[in-house]
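Presented below is the structure to which this report refers.
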Amino acid sequence: MTISYGGAPYPVRGDFAAAHDRFWRRLAAPGTWWSAAERVAIAREARRARECDLCRRRKAALSPDHAAGEHDRGSDLAARGESRASPREEPALDAVHRIVTDASRLSRRWLDETLARGLTVERYVELVGTVVALVSIDSFCRALGVPEHPLPEPLAGEPSRYRPASARQEEAWVPVVAEDNAGTPEADLWPASRSAWVIRAMSLVPDEVRTLIDLSTVHYLPMADVRNPQASRGRLSRPQMELIAGRVSALNSCFY
């Protein structure tokens, strides 16, 4: 399928459909650490999480650990070697649901426990990137009042399993590419020694940063324009854009 917003009740710039279509094609292909079928399963779980009873009860509880049970499963997602006995033994499934429904209460301790249950840090970062992109596009569709796009049929092939040589543990919860990325295969991700954590956070899997930049360019601004207070896109002024972004962040309990 080719994504189009021609039937939307409001005019939509063509670059939105083009960027969303690029992600949909990438979603259908093998990633860096997940197969195409697993990536589509991650996307399916991200959608299912919004209706998950366990997630709803966790969100309402004083602590997410106070609600017990199993997630309402939307796919056969299970990372290699995972048991399917309970959500705590299925770190990939649990991570998708928590990221979608209760991201503001994720902690370093939670991540360490998730990795200890068998989800590798590389697969975790790619999972986060896939969920973030899928949720942003689905939210765009809901805001427009158009149906969510059908998930693609996964293609055959193996993940590349590429890990940047410069990735190292710094202040972030996961290893990241060095800020001075000049002369590396990741030099396209940001200008050497000029980046922010919001960009570097997923750089252990560089293609996730490339997807983030691609979508952010149309949903927000090109990265080169972010620090320019006069930069804007479409009919909203920059102050209007930031006011909306700040309000949405507050409603979503975004601590960033």
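The values are calculated or read from the model by the stated rules, or taken from the named source; none is laboratory data. Computed from a predicted model, the values in this text were never measured in an experiment. Every residue, glycine as well, gets a Cβ built from its backbone with ideal geometry; the counts of neighbours run over all protein chains shown.
Scanning region 50-70 for residues that are among the hydrophobic types (A, V, I, L, M, F, W, C) and outside any helix (DSSP H, G or I), we see that the one that is surrounded by the fewest Cβ atoms within 10 Å (Cβ to Cβ) is LEU62.
Could you tell me whether any residue of region 228-249 is in contact with a helix residue (DSSP H, G or I) (Cβ under 6 Å, 6 or more places away or on another chain), in contact (Cβ under 8 Å) with a residue 24 or more places away in the chain, in a loop (DSSP other than H, G, I, E, B) and of a type in the set (A, V, I, L, M)? Checking region 228-249: not a single residue is in contact with a helix residue (DSSP H, G or I) (Cβ under 6 Å, 6 or more places away or on another chain), in contact (Cβ under 8 Å) with a residue 24 or more places away in the chain, in a loop (DSSP other than H, G, I, E, B) and of a type in the set (A, V, I, L, M). Against the list (1) more than 18 Å from the chain's Cα centre (by Cα); (2) surrounded by fewer than 12 Cβ atoms within 10 Å (Cβ to Cβ), the condition ASP225 fails is (2).
So which of ARG73, ARG47 is closer than 30 Å to LEU236 by Cα, of a type outside the set (A, V, I, L, M, F, W, C) and either surrounded by 17 or more Cβ atoms within 10 Å (Cβ to Cβ) or modelled with pLDDT of 95 or more (or both)? Only one candidate passes the filter, namely ARG47.
For VAL198, the test of being under 25 Å from ARG105 (Cα atoms) and in contact with a Leu (Cβ under 7 Å, 6 or more places away or on another chain) is failed. The set of residues in region 1-17 that are in contact (Cβ under 8 Å) with a residue 24 or more places away in the chain and touching a helix residue (DSSP H, G or I) at 6+ places or on another chain (Cβ under 9 Å) comprises MET1, ILE3, TYR5, ALA8, PRO9, TYR10, VAL12, ARG13, ASP15, PHE16.
Taking the condition among the basic types (Lys, Arg), within 21 Å of TYR124 (Cα to Cα) and either assigned to a loop (DSSP other than H, G, I, E, B) or at pLDDT 90 or above (or both), does ARG194 pass? Considered against the rule, which asks whether it is among the basic types (Lys, Arg), within 21 Å of TYR124 (Cα to Cα) and either assigned to a loop (DSSP other than H, G, I, E, B) or at pLDDT 90 or above (or both), ARG194 comes out as no. Check whether at least one residue in region 23-39 is of a type in the set (Val, Ile, Thr), assigned to a helix (DSSP H, G or I) and either at positive phi or in contact with a Pro (Cβ under 7 Å, 6 or more places away or on another chain) (or both), and report yes or no. No; the residues of region 23-39 include none that is of a type in the set (Val, Ile, Thr), assigned to a helix (DSSP H, G or I) and either at positive phi or in contact with a Pro (Cβ under 7 Å, 6 or more places away or on another chain) (or both).
Looking across region 203-227, the residues that are in a loop (DSSP other than H, G, I, E, B) and at pLDDT below 95 come down to TYR220, LEU221, PRO222, VAL226, ARG227. Within region 130-152, is even one residue under 15 Å from ARG200 (Cβ atoms), surrounded by 15 or more Cβ atoms within 10 Å (Cβ to Cβ) and touching a residue at least 24 places away in the same chain (Cβ under 8 Å)? Yes - at least one qualifying residue is present in region 130-152.
Surrounded by 17 or more Cβ atoms within 10 Å (Cβ to Cβ) and assigned to a helix (DSSP H, G or I): is that true of ASP94 in this structure? Answer is yes for this residue. Count of region 1-22 residues, restricted to those that are assigned to a helix (DSSP H, G or I) and touching an Asp or Glu at 6+ places or on another chain (Cβ under 7 Å), is 2.
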